[in-house]
Amino acid sequence: MKRGAVAATLAAFMLLYGGACIAGVANAALSPGSPKESPWISEILHQSARGSRDLLGLPVDPSMVKREIQRLEDRLRPAMSRAADEGQVVDAFRRVLLDEEGFVYDKSPSDPGNYLFETVLARKKGNSLGLSMLYLTLADRLGIPFRGVYAPSHCFVRYEGRTTRRNIEFAEGGAPWEDDRYRREFRIPPARPYLQSLAPTEMLGVFLKSLGAGYSRKGREEDALRLYDEAGRLYPGLPDVHFNAGVSLQRLGRNDEAIGKYRRALDLDPEMAAARDNLSILLAGKGRYEEAIAEARRAVELEPWNASTRGNLAAAYCGCGRLDEGIREYRAAVEIDPVSRRLRSGLERAYISRGSLREALP
């Protein structure tokens with residue numbers, strides 16, 4: 001698919017359907033047959049099939065996926081018709097898909113099989129993204145107001161009805177979690193741009209971002225960048241899209257472009273410690289040590305438990321000759337992670353550079 005084609009198709013979809021909100025099933029008649037497949041679902045299925053071939057080496061039968069989705073829709077439809085209120089709608093989705101069909105949660109984000117439709121349906125197992133996309137696909141076909149929600153490296157769905165608003169957490173078997181619990185669990189203060197109910201196109205952006213990360217893990221950085229570009233068009237406010245693109249560009253040696261991507265991620269989420277950490281490494285590599293130290297110090301403030309980040313701050317101090325400060329940070333990092341050879345080696349080199357040979361000995 002040509003660059004921008006996804007965004008153009010879905011922009012038209014948003015004009016037609018954006019803002020449409022179904023009331024509770026108890027007050028809305030379900031159509032007797034399946035509605036026409038929404039463009040965003042068609043695109044997810046297309047991209048998922050491609051990912052299954054490229055990342056998992058699996059033969060793909062699109063008709064199998066559609067038959068299974070249709071079967072699950074047919075199972076859900078009577079339960080939706082019997083639901084007397086919106087709470088029963090939410091409970092019926094959980095009962096049919098998680099209890100009776102047996103879909104289970106697997107937390108691994110690095111296994112593409114946990115979010116690609118073909119394997120999620122075949123194994124009845126998915127991570128937070130895979131199970132969220134399953135819910136959203138079926139909800140779209142049935143006209144049920146579930147919305148996707150994104151937290152850093154995590155997804156869930158939210159029922160947004162007339163009288164009921166409920167978060168569905170797959171890591172706990174579909175249990176309802178309040179927004180405040182997500183803020184505690186994922187360290188999300190109110191100013192960070194997460195936990196909003198997303199449009200279907202924005203959730204497609206989340207999916208493409210994750211798919212791009214799968215290509216990146218295979219070393220296919222150009223393919224990853226293509227997907228990040230599309231994800232950014234669909235969901236420009238997602239910091240992770242720009243951060244992931246920065247990682248791919250950094251691996252390709254396109255460091256100036258990577259710096260721009262990390263800065264864009266930080267414009268959207270100033271508290272993204274990983275972006276500040278990576279940015280500090282690139283700035284130090286350019287000899288811009290004061291800037292590098294400022295970014296690394298902020299990253300350490302955000303994640304004081306992260307030994308690697310503290311080690312990068314130590315390296316930036318040592319790189320510009322501030323050895324005492326570098327040794328201090330290396331020692332703190334080694335206390336956090338005493339088995340890290342990289343940190344111990346960095347500390348040893350810092351002692352040697354300072355002329356403290358006895359302290360450098362193990």
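Report whether or not residue 99 is of a type in the set (D, E, K, R), at negative phi and in contact with a helix residue (DSSP H, G or I) (Cβ under 7 Å, 6 or more places away or on another chain).
Details: of a type in the set (D, E, K, R): yes; at negative phi: yes; in contact with a helix residue (DSSP H, G or I) (Cβ under 7 Å, 6 or more places away or on another chain): no.
So residue 99 fails the test.
What do you reckon, is residue 280 open to solvent by 50 Å² or more (accessible area, probe 1.4 Å), hydroxyl-bearing (Ser, Thr, Tyr), within 25 Å of the chain's Cα centre (by Cα) and modelled with pLDDT of 95 or more?
Working: open to solvent by 50 Å² or more (accessible area, probe 1.4 Å): no; hydroxyl-bearing (Ser, Thr, Tyr): yes; within 25 Å of the chain's Cα centre (by Cα): yes; modelled with pLDDT of 95 or more: yes.
Answer is no for this residue.
Restricting to segment 187-205, count the residues that are under 18 Å from residue 265 (Cα atoms), open to solvent by 30 Å² or more (accessible area, probe 1.4 Å) and under 17 Å from the mean Cα position of the chain (by Cα).
Residues in segment 187-205 being under 18 Å from residue 265 (Cα atoms), open to solvent by 30 Å² or more (accessible area, probe 1.4 Å) and under 17 Å from the mean Cα position of the chain (by Cα): 4 in total.
Within segment 253-268, track down each residue that is buried (at least 22 other Cβ atoms within 10 Å of the Cβ) and either in contact (Cβ under 8 Å) with a residue 24 or more places away in the chain or under 14 Å from the mean Cα position of the chain (by Cα) (or both).
Here is the first cut: in segment 253-268, the residues buried (at least 22 other Cβ atoms within 10 Å of the Cβ) are 258, 261-262, 265.
Those that are buried (at least 22 other Cβ atoms within 10 Å of the Cβ) and either in contact (Cβ under 8 Å) with a residue 24 or more places away in the chain or under 14 Å from the mean Cα position of the chain (by Cα) (or both): 258, 265.
Look through 64, 14, 1 and report the one residue that is under 26 Å from the mean Cα position of the chain (by Cα), under 30 Å from residue 219 (Cβ atoms) and either at pLDDT below 95 or surrounded by fewer than 14 Cβ atoms within 10 Å (Cβ to Cβ) (or both).
1
Of these, 160, 178, 185, which one is in contact (Cβ under 8 Å) with a residue 60 or more places away in the chain, more than 28 Å from residue 49 (Cβ to Cβ) and of a type in the set (Asp, Glu)?
Values: 178 fails: in contact (Cβ under 8 Å) with a residue 60 or more places away in the chain; 185 fails: in contact (Cβ under 8 Å) with a residue 60 or more places away in the chain.
Only one candidate qualifies: 160.
Looking at segment 171-178, can you tell me whether even one residue there is open to solvent by less than 10 Å² (accessible area, probe 1.4 Å) and part of a helix (DSSP H, G or I)?
no
Scan segment 145-170 residue by residue and report those that are charged (D, E, K, R) and open to solvent by 40 Å² or more (accessible area, probe 1.4 Å). Steps first, please.
Of all residues in segment 145-170, those charged (D, E, K, R) come to 147, 158, 160, 162, 165-166, 169.
Once the filter is applied, which keeps residues that are charged (D, E, K, R) and open to solvent by 40 Å² or more (accessible area, probe 1.4 Å), segment 145-170 yields 147, 160, 162, 165, 166.
Go through segment 257-362 and tell me which helices (runs of 4 or more DSSP H), entirely inside it, have 3 or more residues that are hydrophobic (A, V, I, L, M, F, W, C).
On the way: elements: 273-285, 289-302, 307-319, 323-336, 341-354, 357-360.
So the answer is 273-285, 289-302, 307-319, 323-336, 341-354.
I'd like the residue in segment 206-252 that is assigned to a loop (DSSP other than H, G, I, E, B) and under 20 Å from residue 276 (Cα atoms) and, out of all such residues, is least open to solvent (accessible area, probe 1.4 Å).
Here the residue is 238.
Is it the case, given these coordinates, that residue 132 is closer than 23 Å to residue 50 by Cα and among the polar types (S, T, N, Q)? Lay out the reasoning, then the answer.
Numbers: closer than 23 Å to residue 50 by Cα: yes; among the polar types (S, T, N, Q): yes.
Yes.
Just give me the residues in segment 324-350 being surrounded by 20 or more Cβ atoms within 10 Å (Cβ to Cβ), of a type outside the set (Ser, Thr, Tyr) and closer than 20 Å to residue 285 by Cα, in sequence order.
Result: 326, 327, 329, 343, 346, 347, 350.
If you take the residues of segment 93-127 that are small (Gly, Ala, Ser) and open to solvent by 10 Å² or more (accessible area, probe 1.4 Å), which of them is nearest to residue 217 (Cα to Cα)?
Of segment 93-127, the ones small (Gly, Ala, Ser) are 102, 108, 110, 113, 122, 126.
Checking the rest, the ones that are also open to solvent by 10 Å² or more (accessible area, probe 1.4 Å) come to 102, 108, 110, 122.
Working: 102: 29, 108: 14, 110: 8, 122: 23 Å.
The extreme case among them is 110.
Could you go through segment 188-199 and let me know if any residue there is touching a residue at least 12 places away in the same chain (Cβ under 8 Å) and part of a helix (DSSP H, G or I).
no
Condition first: under 23 Å from residue 355 (Cβ atoms) and either touching a residue at least 12 places away in the same chain (Cβ under 8 Å) or buried (at least 24 other Cβ atoms within 10 Å of the Cβ) (or both). Now tell me which residues in segment 285-321 satisfy that. So that I can check it myself, show each step before the final result.
Step one: filter segment 285-321 for residues under 23 Å from residue 355 (Cβ atoms), giving 289, 293, 311, 313-321.
Residues satisfying the conditions are 289, 293, 311, 313, 314, 315, 316, 317, 318, 319, 320.
Only one of (1) touching a residue at least 40 places away in the same chain (Cβ under 8 Å); (2) open to solvent by 30 Å² or more (accessible area, probe 1.4 Å); (3) among the hydroxyl-bearing types (Ser, Thr, Tyr) is not met by residue 135, so which one is it?
Every listed condition holds for residue 135 apart from (2).
The values are calculated or read from the model by the stated rules, or taken from the named source; none is laboratory data. Since the model is a prediction, treat every value here as computed from it, not as a measurement. Neighbour counts run over all protein chains shown; Cβ positions are idealised from the backbone, glycine included. Just the protein is used for accessible areas: all its heavy atoms, side chains included, with ligands, DNA and RNA removed. Shrake-Rupley method; radii C 1.70, N 1.55, O 1.52, S 1.80 Å.
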